[in-house]
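Structure first, then comments.
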Amino acid sequence: MSERDVTASFAATLVDEWVRAGVTDAVVAPGSRSAPLALALVRDGRLQVRVVVDERSAAFRALGLGLASGRPAVVLCTSGTAAANFHPAVVEASHARVPLLVCTADRPPELRDTGAGQSIDQHGLFGAAVRWFCDPGAPADGPGCGAMWRALASRAVAETLGPPAGPVHLNLAFREPLLPTGAAHVDVPGRVDGQPWIRSAPASRVASPEGVRRLADLVRTHPRGLLIAGWGAGVAPSTAARFAAAAGWPVLADPISQLRTGKLAISTYEALLRAPQFGTAHTPDLVVRVGAALTSKVATEWLDASVPQILIDPDGAWLDPTHAAHLRLAGDADLLLDGVAEALRSPRHDMSPWLADWLDTERSARAAIDDVLDSRLTTGDGGRYLCEGQVARDVAAALPDGATLVVASSLPVRALEWCMAPRDGLRVLANRGANGIDGFVSTVLGVAESNAPAPTVGLCGDLSFLHDTNGLLGADQIGEHCRATMVVLDNGGGGIFSYLPPSQLPEFERLFATPHRLDLVEIARAHGALARRVDDRHTLREVLISPHLVESTKLRVFVVPVDRHTGVAHHRALWEAVAVAVGDRS
């Protein structure tokens, strides 16, 4: 077998094994050194392959595919700085536990550290951010090479799936010639019936009877408790509802937990905990937390080390930024809470006074928030948006059942937490592993492609949108069944900093707000997207629920102007209204 045949066979074998292991998608950033694997991905014919010219955007596109599907997508680039541009998405995938199969092409050993073009040290490029790194060297023919290649591909997929799930980095050296001229074949065919070379069974996460009894006893003896749910909660809404009802506890659920749903969800905790004395009067005796901490800084600081807290995480992660946890349980939170709910079953059907008080307060606070958003922040001609929370609330409410809302970090994810009402039928995703705003457009497109034909809407700020305008390249060529929409809050810069101490500095506009003074509609149109400006709440709702949301095959971008300079005052009006509404409960 000639050397170029070895290279082609190696690449084709990897792709065959990945397909056998359930991989369905790949994103390729064009390059020469990566040609053998790029050709194999396309010529195999069983993968959906996207070509994205910018490496950072390509990696976040693949991240979005994995975030929505739970399956790793392959992302491939050439050598050198192209590989370095994958790093932000690799970090996010690592912290958010998203499976991602990162493939970087490289020079063979004899060309490394010699001044060869596009050559940098790629060994361990992403450090501890990956679950597994492998540099198998340039492919060579020899006895058993086929089995070795198949085992390599199988392990790469298994390592991405964890536990914990995350990125895997394969640094693949290819010698010239890079374009194959002979047939790609290997001495070891794959397993029969399309099975992968090595099947990896997930570790058993059955809730132990002892663990269930221990937690049930704690819940039973602490009637003033809370179920707190952050991103990565890993609990079905039905399970959370059964547990909360059995415990007599409310559920304080961040929208990105997927648990801000049902009758026991408290959506107004950010405003409630800003009300005078409310937090003191409602400090729980016990907290069970699933997933990461709430986005709300106010709520996180309220739950300090004086409150007994139990963290449940399938991978035993230390998601405890305030160092307040009293007990950590490694296990499947859904199975554990389901077992506790069963153990707590009782013939009583009355609601606990603790839970009834929280739900009554939620109704009052919810009415106060909606009154401010619907009345005080609108004009007489139909209501222009003046507040990010209003947009976030209305977008979440308007989307049809089965849709996915992807929310950007910084102010949008907070506005959604502040103002979104509980609802069923909507999945809310975010890049909250590392909390960055980069790569957002590409992440949304990846999620949308995975969700097709159900609609996907991304809610972001103007700076997040501008951080990933390269993600718009090719957005006019997304899949024919893909339904993607972007709602961009244009508040003229870094609106989140208006809520922070730097807002009082004389250098605020220059160093923190950083107004861009760009026409975001024209930028989107220049990239082939369908774009328009929407400046009133009724029009935004109409365009979100219109048939075009599920019919358009182009990315749609709606730019919503928001007054950054008055936004803080408007959100304070929400909190003041809630304080008045629940004043007799504080």
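The table that follows gives values for the structure above.
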{"item": "Cα centroid separation - the range 276-298 against the range 8-22, whole Å", "result": "48"}
{"item": "Rg to Rh, two decimals, where the chain supplies the alpha carbon set and Rh follows Kirkwood", "result": "1.00"}
{"item": "Contact order relative to length of the range 387-562, as percent, for alpha carbon pairs under 8 angstrom and 6 or more apart", "result": "24"}
{"item": "Degrees, to the nearest 10: 440-451 long Cα axis against longest axis of the chain", "result": "80"}
{"item": "For the range 350-367 versus the range 435-449, the gap between their alpha-carbon centres in whole angstrom", "result": "37"}
{"item": "Relative contact order %, the chain, counting alpha carbon pairs below 8 Å whose residues are six or more apart", "result": "14"}
{"item": "Residue-span extension gain [Asp193 to Val51] - 0.36 nm each, minus C-alpha spacing", "result": "48.1 nm"}
{"item": "Cα gyration tensor shape for the range 209-352, rounded if a/c is under 1.5, else prolate or oblate", "result": "rounded"}
{"item": "Spatial separation of Cα centroids for the range 212-247 and the range 55-119, in angstrom", "result": "39"}
{"item": "Computed label-point distance, nm, for sites Arg525 and Ala147 using a 7 Å Cα→Cβ extension", "result": "6.3"}
{"item": "Sum of side-chain charges, Leu67 neighbourhood, beta-carbon under 11 Å (Lys, Arg +1; Asp, Glu -1)", "result": "+4"}
{"item": "Positive minus negative residues near Ile198 (Lys, Arg vs Asp, Glu; Cβ under 13 Å)", "result": "+3"}
{"item": "Convex hull (Cα only) mean projected area of the range 3-179, reported in nm² to one decimal", "result": "8.9"}
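Where a number appears in this text, it was derived from the coordinates with a stated rule and is not lab data. In this text, all values refer to a predicted model and were calculated from it rather than measured experimentally. Heads up, the Cβs are rebuilt from the backbone with ideal geometry, glycines too, and the neighbour counts pull from every protein chain shown.
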